[in-house]
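The following block contains the structure, expressed as structure tokens.
Every number here is computed from the coordinates shown, using simple stated rules; none is lab data. Nothing here was measured: the structure is a model prediction, and the numbers come from that model. Using ideal geometry, Cβ is built from the backbone for each residue, glycine included, and neighbour counts are taken over all protein chains shown.
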Amino acid sequence: MIRFLLVFLSALVLMACSEKDQSITGSTVKSDSKPWQGAKNDFVARGWTPGDKESWEKQIHTRGQNQNEYVRMN
């Protein structure tokens, strides 16, 4: 009886500490537009024109190179 009670309480504690399932809640983020279309606000990087794929690719490449320690330090 004590063993059953201990198992039951352990299961109860594990259920109480578990994370809620978030797959059913849905997402508020819509990703149906192209990445180079840009934000609908003023917070865009300099040298990038929203809607221009080539300038977007250049900006992404520049950001990646700025994070590369070998390129930054030399």
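Would you mind calculating the gained length between Asp52 and Ala16 on full extension (0.36 nm times residue separation, minus the Cα-Cα distance), in nm to one decimal?
8.0 nm
What FRET efficiency, computed as 1/(1 + (r/R0)^6) with R0 = 22 Å and r the Cβ-Cβ distance, is obtained for Asn66 and Ser33, rounded to the nearest 0.05?
That gives a FRET efficiency of 0.30.
Could you list which residues have their amide H under 5 Å from that of Gly38, counting only those 5 or more apart in sequence or on another chain, with H placed in the peptide plane?
Result for Gly38 returns Gly51.
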